[in-house]
Each structure stands twice: as structure tokens, then as C-alpha cells.
Amino acid sequence: MRICWFNEDRLGVVQDGVVIDVTDALKALPAPRYPNRVGDLVLAHLDALRAAIEELPSGAPTYPVQKVRLLSPVANPGKIVGVPVNYQKHVEEAAADVATFTRRETGSVLEQGFFLKASSSLIGCSQAVRISMPERLTHHEIELAAVIGKKASNVVQADALSYVAGYTIALDMTVRGAEDRSLRKSVDTYSVLGPWLVTADEIADPQRLGLRLQVNGEDRQVANTSEMLVYIAEQISWVTRFYTLEPGDIIMTGTCEGVGPVVPGDLIRAEIELIGSMEVAVAASTPLAR
Ligand code: MN
């Protein structure tokens, strides 16, 4: 199943280039109650939602995918976990350009561990990345995102993928510089998810997926998730020794070589095998609020 949020917070299922409005199925979920400690309700109750969708009467509104505005397919992540330098050739390109990449940390994910991105930075692919600091270098990073479906703490590798509800394409947009990653990668609009969430049952092996990112039609990043240094199951096992993952939490599983700058006016196209592709505009930020 391919799930999206679209237009004015409508819930959709994507089939053959068409978005079916299944918002009515949300009635099957428990109402949010304070204090909400379950994470994202849709991800926490995906099986119930799927059953409710299948029972919806026919005749729901449908739209061509190209005609809807796609929002983040995860509405309320508690946290976004980042995995730095998790492809060997990206380790090498970072080491070769210390001025841009490695003023603070060096080495791969094995030396550096993980980091967090603010959930307020999250947008969908129809909402432009906005460059608020044009004097700073902003880079694109395409990543496979794994979205958690149930509470996970101290998970062993052999069980880890069973905690993943689905996969989607992520852009871990990054201001280069010397500050902490949690600052440079949490700028508003600097976390993009899309175009939709593909449930895990449709992706037999997340470690055999081709990735491709183009800017203005030119290839920048082309790789395969098989080239990760630390695989997703190991990431989940490692991360959950430090913090509990909850439904809706997102792991951006690391980017491959070929990262590079974008500026307002650019168009990013990101594609991952078995998920699909998305186009994301890069725009200038709105002026500072007075
Ligand atoms: Mn990244």
C-alpha cells in the first residue's frame, strides 16, 4: 500500500497514478487524547487503517497524482534520526574536501554515531525547500527513509526490520559549516519526505534499492542501498540502545556520494527503486518576519 497526505490534510492511497481519498478511514483510529504517548497515530495503527480502507464504500474522490499537492507522508514524527557518512564513497568525498565537510567530525558512521533533526524541518515534496541563508552552502542528500511502526527499544538485529512500517524517499538537506549537525540539518524545510510511504510488505529487501538524485536534469547521486556501511537492521539495533523509537519516527539511513549545492530556482528529482520518484523545487526564503 502506498499512503500519502495531500492537499488540505487529506489521507490518500496511491494506485496506478491515481490518489484515492481515504480520509474517512481515519475514523477507525482511536481519537488522540492528552497525553498522546503513542507517536504518530496513523503509523501506530496501520493495520487497523488498512482494514478500514478496504471496507470503505466505493465512490471515494480520486485525483491524478500530478494534480495533488503532496505533503509529508508522515504527519507527526516524534523524531528524525540521521545517519552520517554511511556510504564509503561519501566518506572519501568528505575526507577529500575537509574545508566543506569535516571541520568537526571525521570518519564514517562507525566513528560518529547518529544525530537528530528537528521534526519542525519536515515538509512534503510539493512544498519547496526554502534557502533562508543564501550566503551559506546548502547541499542535497538523497536517502532511503525507514519509518517506524511500533515501539522499539534494545532491538536485536534479527528482529529490527519488523519494526519498520514502511519506506519513503528522504532529502536530508544540509547547510555546510562548522556548527553541530542538529542545527545545520534542522533548518525549516530541510527535511523532505515523499512522494508517499510504501508499506514494508512491498519492499522485500531494502538493501537492494537503486537511488538516483538529479538537479535540473543532471545526475548528481547514483548508488544502491547495498553500498551502505551500516545496514538498516544494524542501525535500528544500535539506535534503540540509546533511545526508544516510536511509531512515526523516521530514520534517514544516510546518503551516498555526489552531494552538491542547490540554489533557488533549482529542481531536485529524487528516485528510489520500488518507491517511485519526486520533484522538489528549491526557492528563496520569504523575508525575515519583523
Ligand atoms: Mn544525511
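The values are calculated or read from the model by the stated rules, or taken from the named source; none is laboratory data. If you're wondering where the values come from, they're calculated on a predicted model, not measured in any experiment. Ideal geometry is used to build each Cβ from the backbone, glycine not excepted, and the neighbour counts take in all protein chains shown. The accessibility values were calculated without ligands, DNA or RNA, using every heavy atom of the protein model including side chains. Shrake-Rupley method; radii C 1.70, N 1.55, O 1.52, S 1.80 Å.
Taking into account only those residues within region 161-175 that are assigned to a helix (DSSP H, G or I) and hydroxyl-bearing (Ser, Thr, Tyr), which is farthest from residue 202 (Cα to Cα)?
163
Here are 208, 212: which of them is basic (Lys, Arg) and outside any loop (DSSP other than H, G, I, E, B)? Before the answer, list the steps.
Values: 208 fails: outside any loop (DSSP other than H, G, I, E, B).
Within the list 208, 212, the selection yields 212.
Could you please find all residues in region 136-165 being within 11 Å of the ligand (Cβ to nearest atom), closer than 18 Å to residue 101 by Cβ and among the hydrophobic types (A, V, I, L, M, F, W, C)?
142
Within region 117-133, restricting attention to residues that are surrounded by fewer than 17 Cβ atoms within 10 Å (Cβ to Cβ) and at pLDDT 95 or above, which residue is farthest from residue 242 (Cα to Cα)?
Among those that are surrounded by fewer than 17 Cβ atoms within 10 Å (Cβ to Cβ) and at pLDDT 95 or above, it is 120.
Criterion first (within 16 Å of the ligand (Cβ to nearest atom), crowded, with 19+ Cβ neighbours inside 10 Å, touching a residue at least 24 places away in the same chain (Cβ under 8 Å) and over 20 Å from the mean Cα position of the chain (by Cα)) does residue 114 satisfy it? I'd like the intermediate steps shown before the answer.
Values: within 16 Å of the ligand (Cβ to nearest atom): yes; crowded, with 19+ Cβ neighbours inside 10 Å: yes; touching a residue at least 24 places away in the same chain (Cβ under 8 Å): yes; over 20 Å from the mean Cα position of the chain (by Cα): no.
When the stated conditions are applied, residue 114 does not pass them.
What pairs come up if the first residue lies in region 210-225 and is assigned by TED's automatic domain parsing to the domain that holds residue 192 and over 25 Å from residue 264 (Cβ atoms), the second is modelled with pLDDT of 95 or more and not in a strand (DSSP E or B), and their beta carbons are under 6 Å apart, counting only those six or more places apart or on different chains?
Pairs found: 210/273; 223/256; 225/207; 225/209.
Could you identify the single residue in 199, 174, 168 that is within 18 Å of residue 80 (Cβ to Cβ) and away from the ligand (no atom under 13 Å from the Cβ)?
The match here is 168.
Is one or more of the residues making up region 190-202 open to solvent by 70 Å² or more (accessible area, probe 1.4 Å) and either at positive phi or not acidic (Asp, Glu) (or both)?
no
Is there a residue being open to solvent by less than 70 Å² (accessible area, probe 1.4 Å), among the acidic types (Asp, Glu), in a loop (DSSP other than H, G, I, E, B) and farther than 28 Å from residue 278 by Cα anywhere in region 102-109?
Looking for residues that are open to solvent by less than 70 Å² (accessible area, probe 1.4 Å), among the acidic types (Asp, Glu), in a loop (DSSP other than H, G, I, E, B) and farther than 28 Å from residue 278 by Cα, one finds at least one in region 102-109, hence yes.
Within region 212-232, can one find any residue that is over 22 Å from residue 277 (Cα atoms), open to solvent by 20 Å² or more (accessible area, probe 1.4 Å) and of a type outside the set (Asp, Glu)?
yes
Consider region 250-278. How many of its residues are away from the ligand (no atom under 16 Å from the Cβ), of a type outside the set (Val, Ile, Thr) and within 30 Å of residue 234 (Cα to Cα)? It would help to see each step written out before you state the result.
So the first thing to find is which residues in region 250-278 are away from the ligand (no atom under 16 Å from the Cβ), and the list is 263-267, 269, 271, 273-278.
With of a type outside the set (Val, Ile, Thr) added as a condition, the list becomes 264-267, 269, 271, 273-274, 276-278.
Next cut, within 30 Å of residue 234 (Cα to Cα) only: 269, 271, 273-274, 276-278.
The qualifying residues number 7.
Mind checking whether some residue in region 72-89 is more than 11 Å from the ligand (Cβ to nearest atom), in contact with a Phe, Trp or Tyr (Cβ under 7 Å, 6 or more places away or on another chain) and open to solvent by 10 Å² or more (accessible area, probe 1.4 Å)?
yes
If I filter region 259-277 for residues that are aliphatic (A, V, I, L, M), crowded, with 16+ Cβ neighbours inside 10 Å and in contact with a Gly (Cβ under 6 Å, 6 or more places away or on another chain), do I get at least one hit?
Among the residues of region 259-277, not one is aliphatic (A, V, I, L, M), crowded, with 16+ Cβ neighbours inside 10 Å and in contact with a Gly (Cβ under 6 Å, 6 or more places away or on another chain), which makes the answer no.
Among the listed residues 158, 178, 99, which satisfies the condition of being in a helix (DSSP H, G or I) and farther than 25 Å from residue 238 by Cα?
99
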